[in-house]
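For reference, the structure is listed below as structure tokens.
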Amino acid sequence: SQRPDLGDFQCNGSLAAAAHSDSKPREIAEAVAGHLKKQSLIASATVAGPGFINIRLSDAGLAEMLNEASSEEMRLPAPKTVSTIVIDYGGANIAKPLHVGHLRSAIIGESLKRLARAIGHKVIGDVHLGDWGLQMGMVISEIGRRNPDLPYFNKSHNGPYPADSPVTALELEEIYPAAAARCKENESDKDEARAITAELQSGHPGYRALWQHIHDTSVADLKDDYAKLNIEFDLWLGESDTAGRIPGLIAELTDKGFAERSQGALVIFVEEPDDKKKIPPILLEKSDGAALYGTTDIATIQQRMEEIGPDLILYLTDKRQIDHFVQVFRAVRKTGLAPQASVELEHLGFGTMNGKDRKPFKTREGGVMKLKDLIAMLVGKALERMDEVDVGREYDQAEKNEIARMVGVAALKFGDLSNQPSTDYIFDLDRFAAFEGKTGPYLLYAAVRIKSILRNARDRGVGSQAILTSDDDAVRALYLKLLIYPDQMQRAFEQRAPHYLCDYAYELASLYSSFYRDHHILNEEDRALQGSWIRLSEITLTVLAQVCHAIGIEIPERM
């Protein structure tokens, strides 16, 4: 209810029901209210206006439900049907450092993965690396220009290739921009990169060996960066993992008449008669024989259907890629590679992370900020804020730095996830890192305070007891908020909307703060009441921790 003074819940269903009945809305509402009043859980059910029903639960019923739920440690009910879900998120590119443009996919995708698992589904997260396109030809070409004597470029080399990579992750961070700039300025250099890409995809042994070094070096670096943000993938597959499938896939689609030549390229036409705008055909193979992103995306769906058999494949990318996924989904439906009856295909397009100028977030120099630099900036801001509010002054530097990392990650993730995924948002580090208001650090501080209360209670020998019936408004508000936790988790996943969890966690933390301010838990003389409040604190911490885990936030033991 938006009006707690009128009731705990409100229902306006009688207004809609009246459209299918001879009765007036108020008559229906009064009949429903009459039935509700007979239930022991309902303290009152009153009708207001043309047919609104205001419902208040009984104090005893609330306490009984919370005791029952907490006996199971607030575990979520098992889903009616357990689905196998593949979430394709991250989208990092080999040979390129992670930057802020990769953040939203990783943060939102990780949250949805954790959320679906918490509900009870089987979920597989796949980073789906960009490791087979033109950028690989550019990088290999640039390495060859700098080190032409390497055996990877020697056509007569017959022996094994070196076991150690000729390039480091730090060197790759410089090599790719240089290669991209050169190809942009000189078309002949770009043609060379295209030719190398085609040879790589065709099995050139030297290029394949060098590519493997680039791949392994990049993945090790990517794993380290993602780990700092509490982001993990079950699969580290990429476009290259479909390379062996593509020749057979193209032959099959051509033989069955789905793929055809158009202006020298091999395409699948996916436009439908009722399209309001033109949907171009999806390109499978360029005139030089090189595969494209659409080809590898189709092959990846084929691979997932054969090896995993998912009920849902969910893609997380920038919303500007919506047309690409329309093409891919139509192609796999049309060709029978992913029948409608077998798997649901969904693309969740998200908005951009912008600076205060409302343009895509950049460094002060105007360049794209690397993720490493952003993490360092977050930790620095967290340390600054911790000093301002006197957090962790007596801790050693290692613990203080780790808490700062958690605070910085919480600031970033909560700041991102508290927005609806499809909307753009302003990255405001000063606001996100505040310990007051609707922020990630505020959540951590609230949870750590509960941990401190529970530690002090244990030190005094005060234990928890059953939740007591209460007519105290602050206590009842907490009871109600805790009991809707399963619904909030289910709603957030069904609508692919982690911001609902951010709202819920903030509201729960705020309600507990109000309760704690007016109820002196450790000084309460009534032992049964004190034990009930301790139990309420335990349950609140359990739910806060579970929601924080679902949005990818770690809670320190102390602050």
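The values are calculated or read from the model by the stated rules, or taken from the named source; none is laboratory data. None of the values given here were measured: they were computed from a predicted structure. Every residue, glycine as well, gets a Cβ built from its backbone with ideal geometry; the counts of neighbours run over all protein chains shown. Remember, those area values only see protein heavy atoms, side chains included, never the ligands or the DNA or RNA. Shrake-Rupley method; radii C 1.70, N 1.55, O 1.52, S 1.80 Å.
Rounded, prolate or oblate: which fits region 109-160 when a ≥ b ≥ c are the square roots of the eigenvalues of the alpha-carbon gyration tensor, with rounded for a/c under 1.5 and prolate only if a/b beats b/c?
Values: a/c = 5.79, a/b = 3.28, b/c = 1.77.
Here region 109-160 falls in the prolate category.
Provide the gained length on full extension for the span S287 to E307, in nm with one decimal, where the gain is 0.36 nm per separating residue minus the Cα-Cα distance. Mind showing how you got there, number by number?
Numbers: separation 20, 0.36 × 20 = 7.20 nm, distance 3.08 nm.
4.1 nm is the gain from fully extending S287 to E307.
Mind ranking Y516, Y500 by accessible surface for me, highest first, 1.4 Å probe?
The most accessible residue leads, giving Y516, Y500.
Ordering K370, K356, K277 from largest to smallest accessible area (1.4 angstrom probe), what's the sequence?
Details: K370 75, K356 140, K277 115 Å².
From most exposed to least exposed: K356, K277, K370.
Once the Cβ-Cβ distance between S71 and K276 is put in as r, and R0 is 51 Å, what FRET efficiency do you end up with, to the nearest 0.05? Each step should come with its number before you reach the end.
Details: r = 54 Å, r/R0 = 1.06.
Step by step, r from the Cβ atoms, then E = 0.40.
For R431 and R333, what is the calculated FRET efficiency with R₀ set at 51 Å and r taken between the beta-carbons, to the nearest 0.05? All intermediate terms of the calculation are to be shown ahead of the outcome.
Values: r = 44 Å, r/R0 = 0.86.
Between R431 and R333 the formula returns 0.70.
Measuring from centroid to centroid over Cα atoms, what is the spacing of region 16-84 and region 99-122 in Å?
When both Cα centres are located, 33 Å separates them.
Using the charge dipole of the chain (Lys, Arg: +1 at Cβ; Asp, Glu: -1 at Cβ; taken about the Cα centre), state which of L508, G367, A338 has its Cα farthest towards the positive end.
Comparing the listed Cα positions along the dipole, L508 ranks first.
Are there DSSP H segments in the chain that both extend 27 Å or more along their axis (alpha-carbon positions) and score a mean Kyte-Doolittle hydropathy of at least 0.5? List them, or say none.
Those that clear 27 Å and a mean of 0.5 are 527-550.
I'd like the distance between the alpha-carbon centres of region 522-559 and region 411-429, rounded to an integer number of Å.
Using only Cα atoms to place each centre, the spacing works out to 27 Å.
Putting +1 on Lys and Arg Cβ atoms and -1 on Asp and Glu Cβ atoms, find which of G203, L170, C183 reaches farthest to the positive end of the dipole of the chain.
Looking along the dipole axis, the top candidate is C183.
Would you mind computing, in nm to one decimal, how far apart the modelled labels at A48 and R558 are, each placed 7 Å from Cα along Cα→Cβ?
4.8
I'd like the FRET efficiency for Q340 and S83, computed as 1/(1 + (r/R0)^6) with the beta carbon distance as r and R0 of 22 Å, rounded to 0.05.
Computed FRET efficiency for Q340 and S83 comes out at 0.90.
How long is the gain from A251 to D149 if the chain were fully straight, where each residue apart is worth 0.36 nm and the alpha carbon distance is subtracted?
My answer for the length gained is 32.9 nm.
Based on alpha-carbon atoms only, what is the radius of gyration of region 134-238 relative to the globular estimate 2.2 N^0.38 Å?
So the Cα radius of gyration is 1.13 times the expected 2.2 N^0.38 Å.
Is region 174-316 rounded, prolate or oblate when judged by the Cα gyration tensor, a ≥ b ≥ c being the square roots of its eigenvalues, rounded requiring a/c under 1.5 and prolate requiring a/b larger than b/c?
Working: a/c = 1.67, a/b = 1.19, b/c = 1.40.
Taking the square roots of the gyration eigenvalues as a ≥ b ≥ c, region 174-316 is oblate.
What length, rounded to one decimal in nm, is gained on full extension from L522 through to L6, with 0.36 nm per residue of separation minus their alpha-carbon distance?
182.5 nm
Which value, in Å² rounded to 10, gives the accessible area of S202 with a 1.4 Å probe and all protein chains present?
Per-residue accessible area (S202): approximately 100 Å².
Could you let me know the centre-to-centre spacing of region 228-249 and region 445-517, using Cα atoms, in angstrom?
Taking the Cα centre of each part, region 228-249 and region 445-517 sit 40 Å apart.
Count the lysine pairs in region 229-375 whose Cα atoms sit under 28 Å apart, keeping only pairs 8 or more residues apart in sequence or on different chains.
28
Can you tell me, using C-alpha contacts under 8 Å and at least 6 residues apart, the relative contact order of region 261-346 as a whole percent?
29
Output the relative contact order of the chain, whole-number percent, from Cα pairs under 8 angstrom with separation of 6+ residues.
15
Give me the net charge for the shell around V391: Cβ to Cβ below 12 angstrom, other residues only, Lys and Arg +1, Asp and Glu -1.
Taking every Cβ under 12 Å from that of V391, the sum is -1.
Taking square-rooted eigenvalues a ≥ b ≥ c of the alpha carbon gyration tensor, is region 407-514 rounded, prolate or oblate, where a/c under 1.5 means rounded and, failing that, a/b exceeding b/c means prolate?
It is oblate, given that a/c is not under 1.5 and a/b is not larger than b/c.
Counting Lys and Arg as +1 and Asp and Glu as -1, each charge on the Cβ, what is the dipole of the chain about the Cα centre in debye, to the nearest 20? Walk me through the numbers on the way to the answer.
Working: 65 positive and 82 negative charges, 144 e Å.
In total the dipole reaches around 700 debye.
Mind listing which GluC sites (Glu not before Pro) in region 17-78 are in a DSSP loop and have 15 or fewer other Cβ atoms within 10 Å? Provide the component values of the computation, followed by the final result.
Values: sites: E27, E30, E64, E68, E72, E73; in loops: E72, E73.
Sparse-neighbourhood loop GluC sites (Glu not before Pro): E72, E73.
Per residue of the chain, what 222 nm ellipticity follows from adding -39500 (n - 2.57) for every DSSP H run with n ≥ 4, rounded to the nearest 500?
-16500 deg cm²/dmol
Mind checking the dipole of region 239-283: about its Cα centre, +1 per Lys or Arg Cβ, -1 per Asp or Glu Cβ, Debye to the nearest 20?
In debye, rounded to 20, region 239-283 gives about 140.
Tally the DSSP beta bridges in the chain and give the antiparallel ones as a percent, rounded to 5.
Taking every DSSP beta bridge within the chain, about 45 percent pair in antiparallel fashion.
In what sequence, highest mean first, do 100-107, 280-287 appear when ranked by Cβ atoms within 10 angstrom?
Details: 100-107: 22.4, 280-287: 17.6.
Per-residue mean Cβ counts within 10 Å order the peptides as 100-107, 280-287.
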